[in-house]
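Colleague: Here it is, the structure, as structure tokens.
Here, each number is a calculation from the coordinates, and none is a lab measurement. In this text the structure is predicted, and so the values were computed from the model without any measurement. Here Cβ is always computed from backbone atoms with ideal geometry, including for glycine, and neighbour counts include all displayed protein chains.
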Amino acid sequence: MKRYRIDLSYKGTNYHGWQVQKNANTVQAELNRALSVLLNSEIETIGCGRTDTGVHAKTYTAHFDCKEIDCTQELIFKLNCILPQDIAVSELQETSPKFHARFDAVERTYKYFIHRRKSVFIDEFSYFFPSQLDILAMNEAGQELIGTHDFSSFCKQHSGAKTGICTLRLAIWSKEDDETLVFSMSADRFLRNMVRATVGTLLDVGLGKISHKTFIEIFKAGNRSKAGVSVPAKGLFLWDIEY
């Protein structure tokens with residue numbers, strides 16, 4: 001048996017996240033089905049992590065085991081022919097038998113997009129939020145997250161996570177243009193709903209609803225109910241994974 005790494009991207013709008021679920025269609029289920037058909041064998045992929053319902057991935061990595069593939073480029077072509085239009089495979093290569101898409105990842109980056117002016121073209125991939133925001137205050141609060149901390153305040157309750165400890169390297173807001181804000185967050189691991197809850201709480205800072213001091217208190221409380229609401233999934237992208 002050989003181990004293969006597969007890189008893909010997907011629009012999460014029509015899926016209940018990455019991971020296979022009963023009675024719900026997922027990206028992993030579609031990929032497993034396509035690979036199994038083309039390789040004439042039951043294939044089960046293992047992904048770099050979970051993405052929730054409606055979340056997109058610009059870059060996603062998985063691995064699977066099978067007999068040797070004669071031509072990976074031909075398989076990529078065939079996969080893209082039978083996969084739904086909202087899933088696209090970009091790379092497929094043989095890798096070390098020890099490679100693990102999830103456990104070998106050292107850093108993941110998510111981006112959350114907000115548009116300030118109503119647009120019919122980007123609404124599927126960005127959160128419409130026209131209110132005026134204090135970006136400086138949001139970035140100053142975001143810097144409190146850098147380092148190794150317990151992020152339980154920004155984790156979905158009853159998520160099953162064994163620990164809330166994550167090491168965050170980047171948490172910054174930037175302007176893509178006059179109408180678009182992007183929040184970038186990089187860490188060694190992410191808790192369920194962590195980015196969306198963090199964005200929602202930082203927006204409260206930007207609106208002046210909570211102070212810098214209150215944000216720190218919320219962060220250190222370890223209580224999800226004290227943090228802000230989770231922003232919609234449609235603006236969130238898994239952007240990059242480093243190995």
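Colleague: Which of these, Ala88, Ala161, Ala29, has the largest mean-square fluctuation under a Gaussian network model of the chain (Cα springs below 10 Å)?
Modeller: Ala161
Colleague: Which of Trp18, Ala62, Leu92 sits closest to the plus end of the dipole of region 2-95, meaning its Cα is farthest towards the positive end, when Lys and Arg get +1 and Asp and Glu get -1 on the C-beta?
Modeller: Trp18
Colleague: Determine the dipole magnitude for region 97-150: charges of +1 sit on the beta-carbon of Lys and Arg, -1 on that of Asp and Glu, nothing else is charged, the reference point is the Cα centre, and the result goes in debye to the nearest 20.
Modeller: 300 debye
Colleague: Pick out, from Trp239, Val229, Ser184, the residue whose Cα sits farthest towards the positive end of the charge dipole of region 155-243, with +1 on the Cβ of Lys and Arg and -1 on the Cβ of Asp and Glu.
Modeller: Val229
Colleague: What is the magnitude of the charge dipole of the chain about its Cα centre, with +1 placed on the Cβ of each Lys and Arg, -1 on the Cβ of each Asp and Glu, and no other charges, expressed in debye to the nearest 20?
Modeller: With Lys and Arg at +1 and Asp and Glu at -1, about 760 debye.
Colleague: Which of Thr72, Ala105, Leu133 sits farthest toward the positive end of the charge dipole of region 1-138, with +1 on the Cβ of Lys and Arg and -1 on the Cβ of Asp and Glu?
Modeller: Farthest along the dipole direction, towards plus: Leu133.
Colleague: Turning to a different aspect of this structure: For region 217-229, take each phi angle, set θ = phi - 60°, evaluate the Karplus expression 6.51 cos²θ - 1.76 cosθ + 1.60, and give the result in whole Hz per residue in order, putting x for glycine and proline.
Modeller: Using θ = phi - 60°, the values come out as 4, 5, 4, 7, 5, x, 10, 4, 5, 7, 7, x, 5 Hz.
Colleague: Can you work out ³J(HN,Hα) from phi for every residue in region 110-119, in order, using Karplus 6.51 cos²θ - 1.76 cosθ + 1.60 and θ = phi - 60°, giving whole Hz and x for Gly and Pro?
Modeller: 10, 10, 10, 10, 10, 10, 9, 10, 4, 9
Colleague: Which of the three applies to region 2-95, rounded, prolate or oblate, going by the alpha-carbon gyration tensor with a ≥ b ≥ c and a/c under 1.5 meaning rounded?
Modeller: The shape class here is prolate.
Colleague: List the aspartates and glutamates whose Cα lies under 12 Å from the Cα of Lys220, skipping any in the same chain that are fewer than 8 positions away.
Modeller: Glu144, Asp150
Colleague: Let me ask something additional. Quick one: which residues, 5+ away or cross-chain, put their amide H under 5 Å from the amide H of Ile43? H built at 1.01 Å from N.
Modeller: Correct list: Ser36.
Colleague: Which shape class, rounded, prolate or oblate, goes with region 70-167 when its Cα gyration tensor gives a ≥ b ≥ c as root eigenvalues, a/c under 1.5 marks rounded, and past that a/b bigger than b/c marks prolate?
Modeller: The shape class here is oblate.
Colleague: Given the Cα-Cα distance of Glu140 and Phe99 and 0.36 nm per residue of separation, how much length would full extension add, in nm?
Modeller: This chain segment gains 11.0 nm when fully extended.
Colleague: In whole Hz, what ³J(HN,Hα) sequence does region 69-83 give by Karplus (6.51, -1.76, 1.60; θ = phi - 60°), x for Gly and Pro?
Modeller: Per-residue couplings from phi come out as 8, 5, 9, 5, 5, 5, 5, 4, 4, 5, 4, 5, 6, 9, 6 Hz.
Colleague: With runs of 4+ DSSP H residues as the only contributors, calculate the mean residue ellipticity of the chain at 222 nm using -39,500 (n - 2.57) per run, divided by the residue total and rounded to the nearest 500.
Modeller: Taken over the chain, the calculation gives -7000 deg cm²/dmol.
Colleague: Here's a follow-up. Of the listed pairs Lys111/Lys156; Lys175/Lys226; Lys162/Lys213, which have alpha-carbon separations greater than 22 Å here?
Modeller: Those over the limit are Lys175/Lys226; Lys162/Lys213.
Colleague: DSSP loop chymotrypsin sites (Phe, Trp or Tyr not before Pro) in region 18-124 with at most 12 other Cβ atoms within 10 Å of their Cβ, which ones?
Modeller: Sparse-neighbourhood loop chymotrypsin sites (Phe, Trp or Tyr not before Pro): Phe103, Phe121.
Colleague: For region 151-243, just say rounded, prolate or oblate: build the C-alpha gyration tensor, square-root its eigenvalues into a ≥ b ≥ c, call rounded for a/c under 1.5, and beyond that prolate if a/b exceeds b/c, oblate if not.
Modeller: Oblate, because a/c is 1.5 or more while a/b does not exceed b/c.
Colleague: Given [x] 21.2, 70; [y] 19.1, 59; [z] 18.0, 54, which label gives Rg and Dmax of the Cα atoms in Å as computed from the coordinates?
Modeller: Correct label, based on the coordinates given: [y].
Colleague: In nm, what is the difference between 0.36 nm times the number of residues separating Asn80 and Lys22 and their Cα-Cα distance?
Modeller: Working it through step by step, the gained length comes to 18.4 nm.
Colleague: For a quick check of your reading of the filter: which trypsin sites (Lys or Arg not before Pro) in region 17-99 sit in a DSSP loop and have no more than 14 other Cβ atoms within 10 Å?
Modeller: Here the sparse-neighbourhood loop sites are Lys22, Lys67, Lys98.
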